[in-house]
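Reviewing the structure listed below.
Read-outs: derived from the displayed coordinates by stated rules, not from any lab. Remember, it's a predicted structure, so these values are computed and weren't measured experimentally. Cβ: placed from backbone, ideal geometry, glycine included. Neighbour counts: every protein chain shown.
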């Protein structure tokens, strides 16, 4: 039982508690999150189950989208707020808050979009699209410094990359279900942002041991990866087996992470080239 669970975390539950409950209800060996939320925040979390925990490093880099309710400490005009938001688009520098688990050093992050959805003299609902690792609470505080002060009243995460909260299962529904495994997405569906490289059957066994893949062992790829690019490594039967780094020379691919160490290839399956694949010319 491996897969990704998109789940809508309720308010007043810690991310740790959510992971613990999901692990218990699925009777899973491992459950990991691609990005936590504060207990008072709600919204989308991606929980990786069992072998899917090996995908955390590539999923946690996906951009995030939020709805943030900002409370202002004095009366603010909408035009004032709009002008200030423009100043916080693009690359910003943040120092993580004291309660964060990372070192409190300045870090650069990108804010792609800031939009006022609802407005009152002392509060506003703001849509935020930003790079992974952006502290929205700190962002609202910094915006407030230009407007007489502000703090984050409510926060809801509505998207992680191509995953949307409206497609996620609520925690309540997950708990009530008698078949909670049905909410898990196959790992193959959850790495659309990575280029796919398909091996020939003769190379699969070596890949499962972490051996480098030479050019003749590559069956095809959907589009040629750049040198050093992280790619998803598939068997000819479209099963995700590893993450790798594209080298592009005689050694075409180095295996960084074996996803399914106990994968048993079915060599009787014909090596068919899918419509998205392109055979490498030799």
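Number of residues in region 138-150 that are closer than 22 Å to residue 9 by Cα and in contact with a helix residue (DSSP H, G or I) (Cβ under 9 Å, 6 or more places away or on another chain) equals 0. Just one residue in the set 205, 182 is loosely packed, with under 15 Cβ neighbours inside 10 Å, assigned to a helix (DSSP H, G or I) and free of Cβ contacts under 8 Å to residues at least 12 places away in the same chain; that residue is 182. Evaluated against (1) touching a residue at least 12 places away in the same chain (Cβ under 8 Å); (2) surrounded by fewer than 22 Cβ atoms within 10 Å (Cβ to Cβ), residue 34 falls short on exactly one condition, (2).
Taken over region 1-25, the criterion of being under 19 Å from residue 188 (Cβ atoms) and buried (at least 18 other Cβ atoms within 10 Å of the Cβ) is satisfied by 2, 3, 4, 5, 6. Within region 1-14, the residues that satisfy the criterion of being farther than 17 Å from residue 179 by Cβ and more than 15 Å from the chain's Cα centre (by Cα) are 9, 10, 11, 12, 13, 14.
Residues satisfying the criterion are absent from region 28-43 (criterion: part of a helix (DSSP H, G or I) and out of contact with any helix residue (DSSP H, G or I) (no Cβ under 9 Å at 6 or more places or on another chain)).
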